[in-house]
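S.K.: Okay, here's the structure, questions in a sec.
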Amino acid sequence: MMAGTTDSMKKTCATIATLAWWTIIDEFRQRSVVIFFAACAAFMFVMRGCYQASYVVNGEALDAATIVSHATFHVVAAGVMMLAALMAMRIFKRERDDGTQAYLLSRPIARWHYLAGKIAGLWLGSTASMLALHGVLCLMAFLNAHVVSPGYLTASLLCSVNLLLVVLAVMALSLWIPDFLAFLAILGVGVVSFIGHGVEAVAQNPMVQSAMQQSGAQGAHGLPWWKAAWILWPKLGGLEVAASSLIGSESFSAGALVNPLVNVVVFCCVLGALCYIGFSREEIV
Amino acid sequence: MIEFRGVTKCYGTLTAVENVAFSIARGEYCALLGPNGAGKTTLVRMLLHFTAMSAGAITIDGLPVSDPHSRLAIGYLSEQPRIPAQLTGWEYLKRCAQLGGTGSSGIADDCARIVQVIGMQGREHEKARTYSKGMVQRFCLGAALLRDPRLLILDEPTSGLDPIGIREVRVLLESLKSRGMTLLLNSHFLSEVERICDTAAILNRGSLLVKDPIAAIVKENETLEDVFVRVVSGS
């Protein structure tokens, strides 16, 4: 009995791993993904000179390596998030149209195996892309500014949770609404998340808080709707900013990481369940 | 082998399949016949659990079709055969064989054998986007025959083929009969059906009109086509 269960689990894992590997191969054969990587190479080529520049703000000289490392980290993380959304938005439609779903699901494969394989493939594929790009940037920082930043790749790994959320959200939404709308919706959620995080950071500044108290902005009783919405909003920006504090000499606070990480993981679970429910009802043609 | 019990499928107010009940025994070659829109493809899609039933039950070897193990030894050829454009015919066959659920040994040998059977030697390493409709049809039929399935479900297997291809498919299906394979054939080529199949299930407007041995329903001086027209127009 036990041996049978273990054997069945092994088979399931092997099937999901096979489907994930095929997803990665198929995605990286797409022309749009190749174009994206060409754009990334061009971006890195442009960025290589920035490590030699000097940056002065209010007459104070800033560390070029730290500034450029942070900027490139965020640009690559945001870019790969967009790539993950682009890959995820068309996966169901493309595989329905080219017959992939029919040939896979006419085999002894459960729908959740197929779904798990697709999600794992997209997530691992985009995470590997982000790690590779961040790895190249890390190497560039070392070669140009002789700076070693061990936290760079750890931060990159933490940001991969954001990629999982993006993949799940776009896949789940594309089961109910047109693909491009699913992509735009997640783009909107991401933009609001980053702007909201910036506003939240500014609002925590003591000067801003005292200004708000003087103007009576916090005088209202109860929780305003926008504050409640923000608490429940996916914290993509918060997680990325918290992860980026691992880079360079900034002080890293584990406390600041926990809240957005838990938020994103909870969203992943909910969206994963929605994806499963939606795909279980899909008609295969 | 296959049992349909009171199978019904509704799309909103439209009933595509209504209370269909029949069974197909092991080793039986059964033709699924009916005019366009009779519900044949819907029935096949429910058999593969591609679409959910509104009512009833379908089992394969006693297993409900919702159980993926019921598809362990099924070969399926879709009504619209397609191969992802980025794959070669060989890659497609290999992928299908890998997911057959019968282990990974001998996959390459099996694929090589199938390439011979479908007559595609020398073209198997070309991208699918360069294949004609008939070539795609052949590779998809090959994929259905991989790993020696016990049940073959073929939806219009000769629709894109030339006369030689049609003849080859017929000869192939006749040769598989001796191995005890079960066949569910959905086709409009009634002369081919008459030569290959043992029984026929005729559907019209979602209902099963008849399911009997072809020899019993085709009377003297009659063809299966005559029977088909008589049964469908009389329903």
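The values are calculated or read from the model by the stated rules, or taken from the named source; none is laboratory data. In this text, all values refer to a predicted model and were calculated from it rather than measured experimentally. FYI the Cβ positions are ideal-geometry reconstructions off the backbone, even for glycines, and counts take in every protein chain you see. Heads up: the accessible areas ignore ligands, DNA and RNA and are worked out on the full protein's heavy atoms, side chains in. Shrake-Rupley method; radii C 1.70, N 1.55, O 1.52, S 1.80 Å.
S.K.: Only residues that are more than 14 Å from chain A (Cβ to nearest Cβ) and either within 14 Å of the chain's Cα centre (by Cα) or assigned to a strand (DSSP E or B) (or both): list them for the range B:44-73, please.
M.R.: Looking only at the range B:44-73, we keep the residues that are more than 14 Å from chain A (Cβ to nearest Cβ), and these are B:55-59, B:62.
Passing the criteria: B:Ala55, B:Gly56, B:Ala57, B:Ile58, B:Thr59.
S.K.: Can you tell me which residue within the range B:189-202, out of those that are touching a residue at least 40 places away in the same chain (Cβ under 8 Å) and assigned to a loop (DSSP other than H, G, I, E, B), is farthest from B:Thr158 (Cα to Cα)?
M.R.: B:Asp198
S.K.: Please indicate, with yes or no, whether at least one residue in the range B:156-172 is outside any helix (DSSP H, G or I), at negative phi and in contact with a strand residue (DSSP E or B) (Cβ under 8 Å, 6 or more places away or on another chain).
M.R.: There is at least one residue in the range B:156-172 that is outside any helix (DSSP H, G or I), at negative phi and in contact with a strand residue (DSSP E or B) (Cβ under 8 Å, 6 or more places away or on another chain).
S.K.: A further question follows. So B:Ser23 passes all but one of these: (1) away from every other protein chain (no Cβ under 11 Å); (2) under 22 Å from A:Leu105 (Cβ atoms). Which condition number does it fail?
M.R.: (2)
S.K.: With respect to the numbered conditions (1) outside any strand (DSSP E or B); (2) open to solvent by 20 Å² or more (accessible area, probe 1.4 Å); (3) within 14 Å of chain A (Cβ to nearest Cβ), which one is the sole condition not fulfilled by B:Gly37?
M.R.: Condition not satisfied by B:Gly37: (3).
S.K.: Quick test for you: out of A:Phe73, A:Phe92, pick the one residue that is buried (at least 24 other Cβ atoms within 10 Å of the Cβ) and among the aromatic types (Phe, Trp, Tyr).
M.R.: None of the other options fit; the residue is A:Phe73.
S.K.: What do you reckon, is B:Cys140 in a helix (DSSP H, G or I), open to solvent by less than 50 Å² (accessible area, probe 1.4 Å), of a type outside the set (Val, Ile, Thr) and within 10 Å of chain A (Cβ to nearest Cβ)?
M.R.: yes
S.K.: Being within 14 Å of another protein chain (Cβ to nearest Cβ), assigned to a helix (DSSP H, G or I) and either buried (at least 20 other Cβ atoms within 10 Å of the Cβ) or β-branched (Val, Ile, Thr) (or both) narrows it down to one residue among A:Ala102, A:Ala85; which is it?
M.R.: That would be A:Ala102, the only listed residue that is within 14 Å of another protein chain (Cβ to nearest Cβ), assigned to a helix (DSSP H, G or I) and either buried (at least 20 other Cβ atoms within 10 Å of the Cβ) or β-branched (Val, Ile, Thr) (or both).
S.K.: Please state which of the following conditions B:Leu209 fails to meet, knowing it meets all the rest: (1) crowded, with 18+ Cβ neighbours inside 10 Å; (2) assigned to a strand (DSSP E or B).
M.R.: Exception for B:Leu209: condition (1).
S.K.: Now for a separate question. Please tell me if A:Ala203 is over 26 Å from A:Tyr276 (Cβ atoms) and open to solvent by 20 Å² or more (accessible area, probe 1.4 Å).
M.R.: yes
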